[in-house]
Every structure is written in C-alpha cells, then in structure tokens.
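Written out below as structure tokens is the structure these notes cover.
The values are calculated or read from the model by the stated rules, or taken from the named source; none is laboratory data. Only a predicted model underlies this, so the values are computations on that prediction, with no experimental measurement involved. As a convention, Cβ positions derive from the backbone with ideal geometry for all residues, glycine included, and neighbour counts pool all protein chains shown.
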Ligand SMILES: Nc1ncnc2c1ncn2[C@@H]1O[C@H](COP(=O)(O)OP(=O)(O)OP(=O)(O)O)[C@@H](O)[C@H]1O
Ligand SMILES: [Mg+2]
C-alpha cells in the first residue's frame, strides 16, 4: 500500500516468492535466475521492455509454463509447475497479455467463466455486482458478445473475469497494451482501488514504466531475462537510469541495449 515505503522482510512471509527461476521455449532461455517477492496487500511491478521476459514470468507463476529450474511459492505452498486450474483454486488469478476474453460469449458469461471453480453461488452473485460497480460499462453490455467490446472494455472484462475467481493475488500482464493514455489511466486507477478497497495483492508487469511506478509499491527491473534492479517505486522513480531509460530518453538500459518492439507471431 502507499504507506509501505520500506520492506520489512522479517514481518511476515511473502505472499508470493520466486527463487532462481529459469524458463525457456525450446532452446530459447527467456528468464534466468529470477528471484522476486510479492508481499501481502501490495502492488508489485516488473518493468521491462519488449522481450525482456515479463510475460514468461507470469506464465511460469500461473502454471502455464513449467520452469526448468527454481521454485514458485504462493501463500507458503510450493506451486511450481502445478496445474493452472489448481493454482487458480488456491487464490491466484492471471489476466493474460492481450486480454483473451471469449469473443463469442456474452460479457456476463465471460464473467461466469472466471468463477467456474466456485461453489458459493451467493458469493459469485455478490462478486458480479462488485465488478459491475468497478466497471459500470460491463453491466450495460452484459448481454453483448465480448468480441464486440472495445480494447479498453475487453481489458476491463479480463480484469473482472480474474476478480470473479475471488483471488488473493492477481497477475496483471500489460493492461496498458494498445490503450489510449486516458483509458490506461482510468484502468490503473481502478486497479489501485481494487487493491486498496479489497486488499487484493497485485503483481503487474508493464512496459509503461510511468504508470506502473506511480501505481505500485515495489518494483523490479527486468532486462534480457534477468532482474537487474529492485527497490521501492518511490526510490526507483528517482534513479537516473530509470528516469532516462524507462521514463524517457536514453538508448541503453540499466544493462545493455534497448530492444525495440518486434511484431509477435506467437501468442
Ligand atoms: N511462445 C514462444 N516461443 C518462443 N519464444 C518465445 C515465446 N514466447 C516468448 N518467447 C521469447 O522469450 C523472450 C521473453 O518473451 P516475453 O513474452 O516473456 O517478453 P515480454 O517482456 O512479455 O515482452 P512484451 O513486452 O513484448 O510482451 C523473448 O525473447 C521472446 O522472443
Ligand atoms: Mg509480454
């Protein structure tokens, strides 16, 4: 939370902990030796440019991709390479890059898909009201196919679908992708409200360092698959490397060359 300026690691065990995680796609090592912690109640962020390995970190946490090395611990349990559905049941939801809503299902049915493992019908109904409260446009569009929503509305739906699982922790993959600055700001404000009002812990990965550093408590900088820096976001915002490279105007990163957006053929 915003009052959290120092990390007292002795206070309580982290909610999520990665230790020396390495994940690869065939011969391509995407992340190496990644260790990070997310504390209960905070918004943590991983900043990095294209291809740095941000999405790979989230896929490894949520069980979509099994790591070659290292471990992932969530709420004191080892969840390394566990089935993704079981990880969701333990209270960890993933909002994937590019939203991936079900385009031919209605908005309402997309939301129900987020709650498919739950048995508490009253709780599901309450959470449906809760997400409609955060994103009133989704109530207006409840019966429409999700494929007809704008990019920003689909992002709202993807976040809401994750909330419908009643998670303790949400992994949020580049919510700003392809959105106008105004919409990005709106969505970030609601993400912060969800964190503050519901106490939902959030791990956010972003290229938009400005938004991410303002919204988050603690940050990691990822370059070429490695964490090269970590600190409170208040302090990261003041660092010259971060100001010059991630918030502006320089050609090289904390370590090495900047990698520019290449068109992705895989998803
Ligand atoms: N399915 C895949 N098959 C092969 N290589 C992949 C695959 N997905 C990612 N990679 C490679 O792994 C590395 C890390 O990719 P990743 O998608 O995690 O980066 P990212 O930080 O999320 O980038 P972006 O900001 O573009 O989303 C890159 O070199 C990428 O080319
Ligand atoms: Mg990505």
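The set of residues from segment 28-43 being touching a residue at least 40 places away in the same chain (Cβ under 8 Å) and either within 12 Å of ligand 1 (Cβ to nearest atom) or farther than 13 Å from residue 18 by Cα (or both) comprises 29, 30, 31, 32, 34, 40, 41, 42, 43.
Among the residues of segment 185-201, are any under 25 Å from residue 32 (Cα atoms) and in contact (Cβ under 8 Å) with a residue 60 or more places away in the chain?
yes
Taken over segment 179-207, the criterion of being within 13 Å of ligand 2 (Cβ to nearest atom) and either over 18 Å from residue 47 (Cβ atoms) or crowded, with 20+ Cβ neighbours inside 10 Å (or both) is satisfied by 204, 205, 206.
Just checking, does segment 119-139 include any residue being crowded, with 19+ Cβ neighbours inside 10 Å, in contact (Cβ under 8 Å) with a residue 60 or more places away in the chain and either more than 16 Å from ligand 1 (Cβ to nearest atom) or not in a loop (DSSP other than H, G, I, E, B) (or both)? Among the residues of segment 119-139, not one is crowded, with 19+ Cβ neighbours inside 10 Å, in contact (Cβ under 8 Å) with a residue 60 or more places away in the chain and either more than 16 Å from ligand 1 (Cβ to nearest atom) or not in a loop (DSSP other than H, G, I, E, B) (or both), which makes the answer no. Residues in segment 166-187 that are within 16 Å of ligand 1 (Cβ to nearest atom) and part of a loop (DSSP other than H, G, I, E, B): 174, 175, 176, 177, 178, 179. A single member of 212, 142 is under 30 Å from residue 24 (Cβ atoms) and either in a loop (DSSP other than H, G, I, E, B) or within 16 Å of ligand 2 (Cβ to nearest atom) (or both), and it is 212. Is there a residue being crowded, with 18+ Cβ neighbours inside 10 Å, more than 16 Å from ligand 2 (Cβ to nearest atom) and in a strand (DSSP E or B) anywhere in segment 62-69? The answer is no; no qualifying residue exists.
Within segment 100-118, the set of residues being under 30 Å from residue 19 (Cβ atoms) and surrounded by 15 or more Cβ atoms within 10 Å (Cβ to Cβ) comprises 114 only. Of the strands (runs of 3 or more DSSP E) lying entirely inside segment 9-60, those carrying at least 1 residues that are within 16 Å of ligand 2 (Cβ to nearest atom) and within 17 Å of the chain's Cα centre (by Cα) are 28-38, 43-47.
Residues considered: 251, 240, 244. Of these, the only one that is surrounded by fewer than 16 Cβ atoms within 10 Å (Cβ to Cβ) and modelled with pLDDT of 80 or more is 240.
Scanning segment 141-165 for residues that are in contact with a helix residue (DSSP H, G or I) (Cβ under 7 Å, 6 or more places away or on another chain) and within 16 Å of ligand 1 (Cβ to nearest atom) yields a single hit, 155. State all residues of segment 60-83 that are in contact with a helix residue (DSSP H, G or I) (Cβ under 9 Å, 6 or more places away or on another chain) and closer than 20 Å to residue 200 by Cβ; if no residue qualifies, say none. Result: 61, 62, 63, 72, 74, 79.
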